[in-house]
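The values are calculated or read from the model by the stated rules, or taken from the named source; none is laboratory data. As the structure is a prediction and not an experimental result, all values here were calculated from the model. Quick reminder, even Gly has a Cβ in these numbers, built from the backbone with ideal geometry, and neighbours come from all protein chains shown. We work out accessible area using only protein heavy atoms, side chains counted, and drop any ligands, DNA or RNA first. Shrake-Rupley method; radii C 1.70, N 1.55, O 1.52, S 1.80 Å.
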Amino acid sequence: MPSTTGASVTAAAADRCLDQGEGVLRLAPTWVPRVFSTPGRRLRLHPDDYYAFGKDRGGIDERWLASPIRADNGPAAGEFEGLSLVVGPDGGLLPFDQVIDHLGAALVGERIWRAHGTWPVFAKFFDNEQALPFHVHHRDEHALPLGKVSKPEAYYYAPQMNNHLAAQPVSFLGLQPGVTREQVRERLVAFSRGGDNRITDLSFGYRTELGTGWDVPAGVLHAPASACTYEPQAASDVLCMCESWSNNREVPDELLWKDAPADRVGDLDYILDLIDWERNTDPAFAENRRLVPFETAESAADAHPGYTERWIVHKSPAFSATELVVRPGAAVTLTNTDAYGAIVIQGHGTFGAHDAAASTLIRFGDLTEDEFFVSEEAARRGVRVTNRSTVEPLVLLKHFGPGNAALEALG
């Protein structure tokens, strides 16, 4: 791994990174371990490296993309754990949050910078052998007093990342209509007794359908399936685990109370208040929350035989995402209204001034040519994307911040 520059990042260094890439930053891969899950081994990391953080840190089952925050992994977490690193002109690595601070509106755009003062979202691949425990993320009313922000998220199941669906390709989402606060309380009481509190008995399970996804606002209970999942989300790592048994082992009590104020630890009413009851028990939950891709207005109007771009995440005001497919031998210049993060998941070619290639086997600590961040100016000017293969499509996933102008124009 090249050396990382810490507090010495300067505005000049950040400017050089942006200038070198003609408005497009190249990012190093960011790996995140989790103690509460087992890796599904589809992140394209070398098989020997899924436990590279050590036996007490858990396996690597997440790769964070264009992340401006650190993972909330406790005191053992490293200085830059979860934070993306920008590859500089000399090959050194610069913390993405400091680059954002220096470049500001020149990177993320005046609208987002004025409203948020940072890049307020990121995306990830999470990749679990089993389903995650049933859990909920705080809404702003509960997150802000903790000095954090709410965590809405969305899922997309890319076929390129799922040569198999692992042990439990069923997601439990929301609560069955009519489920009461007292019924959920009973399952939370059972959490402390050990074993399985069977809280997902109160939910519905949905089989994974590749090429689709789900919108999961903050406050909605969910236990994502064992698919390798692309997940745009708000830049937050706040959570409350409500299921006591997952991945064939008990979930520690501290994960139930991880983000509860000290004076509310042990108070189940606090946990119950985290739940958005209207959305969880919505009789039309699947209709309102399922994500079915559709072609972007620009792609449909262009009717270019060399590419197709589809909205794959399009129901949240906090973020959105598209899938870009450039056909073999084609080259296109694509404009967007907003800054975005991008990851190549199939094929090889060029992305703006950079070589671009999907990774097949990554050693922990090595660089890749698959991840980028595009400034708003470069996005509006247009990024030239070339597929150098004569037989294979070049496929990228692109995630945007809040209030994407192109999506909002669709109403």
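Taking +1 at the Cβ of each Lys and Arg and -1 at the Cβ of each Asp and Glu, which of 188, 94, 296 sits farthest along the dipole of the chain towards its positive end, judged by Cα position relative to the Cα centre?
So the residue we want is 296.
Measure off 7 Å from each Cα along the Cα-to-Cβ vector at residue 392 and residue 10, then give the distance between these two points in nanometres to one decimal.
Between residue 392 and residue 10, the label points sit 4.1 nm apart.
Tell me, what is the FRET efficiency for residue 198 and residue 267 to the nearest 0.05, using R0 = 22 angstrom and their Cβ-Cβ distance as r?
0.50
Debye sum, Cα scatterers, segment 151-282, no solvent: what log₁₀ I/I(0) at q = 0.21, 0.23 1/Å?
Result of the Debye calculation: -1.41, -1.56.
Can you give the extra length, in nm with one decimal, that the chain gains between residue 302 and residue 254 once fully stretched, where that is 0.36 nm per residue apart less the Cα-Cα distance?
Extra length from residue 302 to residue 254 when fully extended: 12.1 nm.
Can you compute the charge dipole magnitude of segment 177-297 about its Cα centre, using +1 on each Lys and Arg Cβ and -1 on each Asp and Glu Cβ, nothing else charged? Give it in debye, rounded to the nearest 20.
300
With every protein chain present, what is the per residue accessible area of segment 53-124 (1.4 Å probe, Å²)?
Result: 36 Å² of accessible area for each residue.
Please express the shape of the chain as an equivalent ellipsoid: the semi-axes are the square roots of 5 times the eigenvalues of the C-alpha gyration tensor, given largest first in whole angstrom.
They are 34, 23, 21 Å, listed from largest to smallest.
Based on the Cβ-Cβ distance of residue 408 and residue 335, what FRET efficiency does E = 1/(1 + (r/R0)^6) give at R0 = 25 Å, to the nearest 0.05?
0.95
Rounded to the nearest 500 deg cm²/dmol, what is the calculated helix-only ellipticity per residue at 222 nm for the chain, with -39500 (n - 2.57) per DSSP H run of length n ≥ 4?
Counting only the DSSP helices, I get -4500 deg cm²/dmol.
P(r) for segment 225-285: what percent of alpha-carbon pairs falls in each 5 Å bin, starting at zero?
Going from the shortest bin to the longest, the percentages are 4, 13, 17, 20, 26, 16, 5, 0.
In nm, to one decimal, how far is the modelled label at residue 287 from the one at residue 364, with both set 7 Å along Cα→Cβ?
Between residue 287 and residue 364, the simple spin-label model gives 4.8 nm.
In whole Å and largest first, what semi-axes does the C-alpha gyration tensor of segment 32-126 yield when each eigenvalue is scaled by 5 and square-rooted?
Rounded to whole Å, the semi-axes are 28, 14, 12.
If we sort 15-23, 169-177 on the protection proxy, mean other Cβ atoms within 10 Å, highest first, what's the order?
Per-residue Cβ counts within 10 Å, averaged per peptide and sorted highest first, yield 169-177, 15-23.
Just order 205-218, 255-268 by mean Cβ neighbour count inside 10 Å, highest at the front, would you?
In decreasing order of mean packing, 205-218, 255-268 become 205-218, 255-268.
As I understand it, the dipole of the chain uses +1 on the Cβ of Lys and Arg and -1 on the Cβ of Asp and Glu, about the Cα centre. Which of 74, 105, 21 lies farthest toward its positive end?
Of 74, 105, 21, it is 21.
Using R₀ = 35 Å, calculate the FRET efficiency as 1/(1 + (r/R₀)^6) where r is the Cβ-Cβ separation of residue 294 and residue 76; round to 0.05.
In this case the efficiency is close to 0.20.
With the cut-off at 14 Å, report for segment 161-204 the share of all Cα pairs above it, as a whole percent.
Cα-Cα pairs of segment 161-204 separated by over 14 Å account for 59 percent.
Remind me, relative contact order of the chain in percent, using alpha carbon pairs under 8 angstrom and six or more residues apart?
Normalised by residue count, the contact order of the chain is 19 percent.
Using the per-residue mean of other Cβ atoms lying within 10 Å as a proxy for protection, in what order, highest first, do the peptides 388-400, 370-382 fall?
Top of the packing list down: 370-382, 388-400.
Assign unit charges at the C-beta atoms only (+1 for Lys and Arg, -1 for Asp and Glu), then state the dipole size of the chain relative to its Cα centre in Debye, rounded to the nearest 20.
540
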